[in-house]
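Data block below; observations after.
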Amino acid sequence: MKKLAAFALAMIMCLGIVSCGDSGSDKGGDDKKETKATTAAKSGEGGDNDAETEATEPEEPKADVESVELTNSLLGMKLTFDVPKFEGWEISEPEQDEDHASMDMKYYYEADGSKTWCSIDVYLVADNTNGLDWFIEQNEPIPNTEYTGYINGHSRAQDCPMFFYTEDYFDGKARADVSVSNISENMDPDKYAELVETIQKSVKVEILDTNGLYDADGNLLTVDGTFSIPAKMNISGTDVNVEFKTFTRTIHAVTEFNDGKNDIRIRESGSVKSDLFDAFIEKNAKDEPYDCEVGGHPAKGRLWNDFGTLTAEYIVQFDDDTYYEFYVTSKGELDLAAINEMMNGAERGDLEKQMNDHLSEFVSNMTKL
């Protein structure tokens, strides 16, 4: 009997120990689960957060760069780009020469025991896009940029003249020229490549709300600030509009209209030096140039037949210091053969008078400032 009682007591004690052990184990497990969940919540791990963390790659560190800015205040456009923050940069003050804005930069460094440099020449202008596709085919398209453009042919490893055709501007584009050149070619190749690529990736042009192309009345101002030209005038009894159009890295005032017989185009082509006026007759002797009067001013002109388009060039003298070049074209009534016949006969004077009269009316509307 005593043995049976002792055995029963031993069994009760064992069950109590097992029960305590299970209770402790469950409590410990819950604590661990709670601790893990809390840690995950604090660290952003667990569940969907784990998936999001795994899917998001860390950002690449941004290159240490500094921004460069060039504004063309006359044309109303701004260029910005980055360069690596190498020690040794010197940047010149921007310059505005009529409708061309420019600046230059130099990166100075030591090589072979002497000081040398890599230069960057920058221009911000307006240009047309005639032949751009051909230039891109003949040269190397600029990589790493959002703009159309090309790297002009070069023979040195550390010579990279780039022409970016950027935002629309009148009938052309705002053009940024950035030429990176190291004549000595002893800059570290990796640093040179980093410099060029940084510029290519960061070039940005913005067309501004303000410019210096018009006066308060909306008249067009020539790029040298010499003349005001009305945006509307009457030529040959026809109301015409005058607009800026882009040419080779510049802009000029242009009007296009029909005089009842022909499509006429008149282009103001900017100021020239007096010696060009003096040498005009001798220089263009083969085209039988002539002295004339345009809008009451002394002028010299010449005619030629441009495949059926009657074309005239003039230099007009406004005063002792002011000479301006103009082009007039007429197309429609006469074909190639008819123009040649008139130019070689007695009717040549009629062609000259027709072109002179059109330009005279245009010039008479111009006001010297």
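Laboratory data are not the source of any read-out in this text; all were calculated from the coordinates shown. Since the model is a prediction, treat every value here as computed from it, not as a measurement. Every residue, glycine among them, receives a Cβ derived from its backbone with ideal geometry; neighbour counts consider all protein chains shown.
A few points about this structure:
- Volume per residue that the Cα convex hull of the range 65-207 spans, once the total is divided by residue count, Å³: 106 Å³
- Rounded FRET efficiency, nearest 0.05, which uses the C-beta distance separating residue 183 from residue 368 and R0 of 35 Å: 0.20
- In a simple Cβ point-charge model (Lys, Arg +1; Asp, Glu -1; nothing else charged), the range 148-240 has a dipole of about 160 debye relative to its Cα centre.
- Globularity ratio of the range 185-271, using Cα Rg and 2.2 N^0.38 Å: 1.74
- Amide H contacts of residue 235: 240, each under 5 Å away and 5 or more positions distant or on a separate chain (H built 1.01 Å from N in the peptide plane; Pro and chain starts excluded).
- Only Lys, Arg, Asp and Glu carry charge here, each on its Cβ (+1 for the first two, -1 for the last two); on that basis the range 220-368 has a dipole of about 400 debye about its Cα centre.
- Relative to one another, the C-alpha centroids of the range 257-281 and the range 65-127 are positioned 36 Å apart.
- The string of couplings for the range 346-360 from the Karplus curve (6.51, -1.76, 1.60, θ = phi - 60°) is 5, 7, 4, x, 5, 5, 4, 5, 4, 5, 4, 5, 4, 5, 4 Hz, one whole number per residue in order, with x for Gly and Pro.
- Using θ = phi - 60° and Karplus 6.51 cos²θ - 1.76 cosθ + 1.60, couplings along the range 131-139 (whole Hz; Gly, Pro as x): x, 4, 4, 5, 4, 5, 5, 7, 10
- 265, 156, 249 arranged by Cβ crowding within 10 Å, fewest neighbours leading: 156, 249, 265
- Built amide H within the under 5 Å cut-off of residue 140, gap 5+: 151
- Residues whose amide H comes within less than 5 Å of that of residue 147, counting only those at least five positions distant or on another chain, are absent (H built at 1.01 Å from N in the peptide plane).
- Inverse of mean 1/r across different Cα pairs in the range 220-368, Kirkwood, Å: 15.7 Å
- Converting phi to 3J(HN,Hα) with the Karplus coefficients 6.51, -1.76 and 1.60 and the offset θ = phi - 60°, the range 268-275 yields 6, 10, x, 7, 10, 7, 4, 5 Hz in sequence order, with x at every glycine or proline.
- The packing ranking of peptides 235-243, 163-171, highest mean first, is 163-171, 235-243, where packing means the average number of other beta carbon atoms within 10 angstrom of each residue.
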